[in-house]
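These notes are about the structure you will find just below.
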Amino acid sequence: MKIFLVGLPGSGKSTSGRQLGRLMNTEFLDLDHEIEHLMRMPISEVFQKYGEAYFRELERDTLDKIIHEHQRFVLATGGGTPCFHQNMDTMNQAGITVFLDIPSKEIIGRMSKKGMASRPLFRNLNPDNMVTEFDQKFGHRVPFYRQAKIEISGDTVTPERIVHLIAIHQSEASTDQDLPEST
């Protein structure tokens with residue numbers, strides 16, 4: 001089974017993905033870490049040195065490589081991954097996509113506790129208007145995320161809940177496949 005976690009930066013894709021991988025006894029991969037390993041530099045440096053267009057092509061190629069080289073995995077995608085090069089369609093065709101729909105106010109609260117300095121995308125947000133600026137900066141991504149097969153919102157995002165919803169999704173998918181086509 002190939003599981004793709006999508007969502008806004010800071011929504012918990014990597015944290016949930018690691019836990020989900022352990023729970024399902026499945027390899028956990030992080031797309032950004034795979035790219036950093038391949039390029040031998042941080043994502044921010046890839047952006048700075050080569051530009052976003054190059055990064056997005058590299059991201060697509062790395063995603064394709066993971067899909068074709070691994071039979072089972074839980075993959076935390078980058079926040080922008082679903083928004084470029086039909087990556088969302090690719091992931092939906094290859095496995096089960098899960099949108100971690102965490103409210104921006106919650107994400108900002110989490111990042112404040114962890115330290116905004118660790119997240120360059122959050123550094124330039126005005127502390128007095130963070131939620132509005134965050135929504136303006138990332139709101140255009142949400143329609144891509146909503147194409148996921150499974151959507152989990154708010155405080156119900158736990159690895160156990162993800163496993164439960166994946167099981168329901170698989171059960172519904174197999175039932176749909178067993179139905180005769182209408183004429």
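The values are calculated or read from the model by the stated rules, or taken from the named source; none is laboratory data. Keep in mind the model is a prediction, meaning the values are calculated, not measured. Note that each Cβ is placed from the backbone with ideal geometry, even for glycine, and that neighbours are counted across all protein chains shown.
Points to keep in mind about this one:
Listed here are the residues, each with its yes/no results for (1) surrounded by fewer than 16 Cβ atoms within 10 Å (Cβ to Cβ); (2) out of contact with any helix residue (DSSP H, G or I) (no Cβ under 6 Å at 6 or more places or on another chain); (3) among the β-branched types (Val, Ile, Thr); (4) modelled with pLDDT of 95 or more.
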site: Asp89; (1), (2), (3), (4): yes, yes, no, yes
site: Thr97; (1), (2), (3), (4): no, no, yes, yes
site: Met116; (1), (2), (3), (4): no, no, no, no
site: Ala148; (1), (2), (3), (4): no, yes, no, yes
site: Asp155; (1), (2), (3), (4): yes, yes, no, no
site: His164; (1), (2), (3), (4): yes, yes, no, no
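- Filter pass, Ala94 being farther than 21 Å from Val163 by Cα and aliphatic (A, V, I, L, M): no
- Here Val74 clears all of (1) outside any helix (DSSP H, G or I); (2) out of contact with any strand residue (DSSP E or B) (no Cβ under 9 Å at 6 or more places or on another chain); (3) among the aliphatic types (A, V, I, L, M) except the condition numbered (2).
- Among the numbered conditions (1) modelled with pLDDT of 95 or more; (2) in a helix (DSSP H, G or I); (3) of a type outside the set (A, V, I, L, M, F, W, C), the only one that His85 does not meet is (2).
- Looking across the range 7-31 at every residue that is of a type in the set (D, E, K, R) and modelled with pLDDT under 95, the one that is farthest from Phe144 (Cα to Cα) is identified as Arg22.
- Number of the exception - Gly139 against (1) part of a helix (DSSP H, G or I); (2) at pLDDT 95 or above; (3) over 27 Å from Ile168 (Cβ atoms): (2)
- Within the range 79-97, residues that are farther than 21 Å from Ile107 by Cβ and touching a residue at least 40 places away in the same chain (Cβ under 8 Å) have Cβ atoms under 6 Å from residues that are in a strand (DSSP E or B) and among the charged types (D, E, K, R) in these pairs: Ala94/Lys2; Gly95/Lys2, counting only partners at least 6 apart in sequence or on another chain.
- Residue list for the range 33-44, filter: of a type outside the set (A, V, I, L, M, F, W, C) and at pLDDT 95 or above: His33, Glu34, Glu36, His37, Arg40
- Residue pairs meeting the criteria (Cβ under 7 Å; at least 6 apart or on separate chains; first under 20 Å from Val6 (Cα atoms), in the range 25-48; second in a helix (DSSP H, G or I) and among the basic types (Lys, Arg)): Phe28/Arg18
- Residue selected from the range 118-136 under the condition closer than 22 Å to Ile43 by Cα and part of a helix (DSSP H, G or I), by the criterion modelled with the highest pLDDT: Phe134
- Going through (1) aromatic (Phe, Trp, Tyr); (2) modelled with pLDDT under 95; (3) surrounded by 18 or more Cβ atoms within 10 Å (Cβ to Cβ) one by one, Phe47 falls short only on (3).
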